[in-house]
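Below is one structure, written out as structure tokens; comments come after it.
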Amino acid sequence: MNFQHTKTALITGASRGLGKETAYALAKSGVNIIFTYHSNHQEAQKTAKDLAEHGVLVKAVQSDSTSSQDRQELLNTVKHTLSQWEHDHLNILINNAGTNCHMPMEAVQEAHLDAMYEVHVKSVMFMSQLFSELLSDNGRIVNIGSGTTRFAIPQLIAYATMKGATETLTKYLAKTLASRGITVNAVAPGALDTGFNAEVFGHAPHMKEMISSVTAMGRIGQVKDISGVIAFLCSEEANWITGQRIEASGGMFL
């Protein structure tokens, strides 16, 4: 993949899991990394140290993407960081931060749905709005969707509904920003063996075997299966792909 060493990516929620692996994939290609984390400072600093070993510039910022105040403070921090690095623009925005909600329809309350909306729709909308002016022409935005918008798992009704909105928002952002050459795409993973799903797997130990049995590739997904797809969409080679939902699920429920 073709990256210039002057490029910088902002990734939300990247101290662990898919966000962290995506940061590694981009750093290996020479992209400088600014990433946010919610609360685990020690884990974030370790991630930052590991990323810097790839010879890129790295900045970890504690921030909650669902907070308008935090988003504004993050914008100011990113502008200051770019100035210190003698860069004029951000080149890549990856809206990765998210939380899960695993419960049947009858158990879902307004607070659960509101929480899913805040992190998967509202934050993606306003992060993209806020940082679009800082994003360079021909820049990249990648949002994280979900395989559950294609196939239905009843216990993920609140989560999947909001991920459906994320993927629709992706199309509208792509149309809105196309005149500047900015591409906007959504990557939709299937089930991943990460901390994000730890609670689900903990309650149902057989779940991994079940998922493997309904996946064409015969196993559950790993973060490295997804991070390369995201990195590709951030590259020059992907400049003719926009407004797309790209599922990377290993053929789950084909």
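R150 falls short on exactly one of the conditions (1) basic (K, R); (2) farther than 23 Å from K20 by Cβ; (3) in contact with a His (Cβ under 7 Å, 6 or more places away or on another chain), and that condition is (3).
Working only within segment 140-165, note down all residues that are β-branched (V, I, T) and in contact with a Ser or Thr (Cβ under 8 Å, 6 or more places away or on another chain).
Within segment 140-165, the first condition is being β-branched (V, I, T), and the residues that meet it are 141-142, 144, 148-149, 153, 157, 161.
I141, I144 - these are the residues of segment 140-165 that are β-branched (V, I, T) and in contact with a Ser or Thr (Cβ under 8 Å, 6 or more places away or on another chain).
With the condition kept exactly as written, say whether any residue in segment 15-26 is in a loop (DSSP other than H, G, I, E, B), crowded, with 18+ Cβ neighbours inside 10 Å and in contact with a Phe, Trp or Tyr (Cβ under 9 Å, 6 or more places away or on another chain).
Kept after step one, since they are in a loop (DSSP other than H, G, I, E, B), are these residues of segment 15-26: 15-16.
Then keep just the ones that are crowded, with 18+ Cβ neighbours inside 10 Å; that gives 15-16.
Cutting the leftovers down to in contact with a Phe, Trp or Tyr (Cβ under 9 Å, 6 or more places away or on another chain) gives us 15-16.
Yes, because at least one residue in segment 15-26 is in a loop (DSSP other than H, G, I, E, B), crowded, with 18+ Cβ neighbours inside 10 Å and in contact with a Phe, Trp or Tyr (Cβ under 9 Å, 6 or more places away or on another chain).
Among residues belonging to segment 128-147 that are assigned to a strand (DSSP E or B) and of a type outside the set (D, E, K, R), point out the one that is surrounded by the fewest Cβ atoms within 10 Å (Cβ to Cβ). Filtering first and then ranking leaves N138. Please verify whether M162 is of a type in the set (A, V, I, L, M, F, W, C), in contact (Cβ under 8 Å) with a residue 40 or more places away in the chain and farther than 30 Å from G30 by Cα, treating the condition exactly as stated. Criteria met by M162.
Quick one: is T170 among the polar types (S, T, N, Q), surrounded by 24 or more Cβ atoms within 10 Å (Cβ to Cβ), under 20 Å from the mean Cα position of the chain (by Cα) and assigned to a helix (DSSP H, G or I)? Walk me through how you get there before you give the answer.
Numbers: among the polar types (S, T, N, Q): yes; surrounded by 24 or more Cβ atoms within 10 Å (Cβ to Cβ): yes; under 20 Å from the mean Cα position of the chain (by Cα): yes; assigned to a helix (DSSP H, G or I): yes.
Criteria met by T170.
Where a number appears in this text, it was derived from the coordinates with a stated rule and is not lab data. Keep in mind the model is a prediction, meaning the values are calculated, not measured. Glycine also receives a Cβ, built like all others from the backbone with ideal geometry; neighbour counts cover every protein chain displayed.
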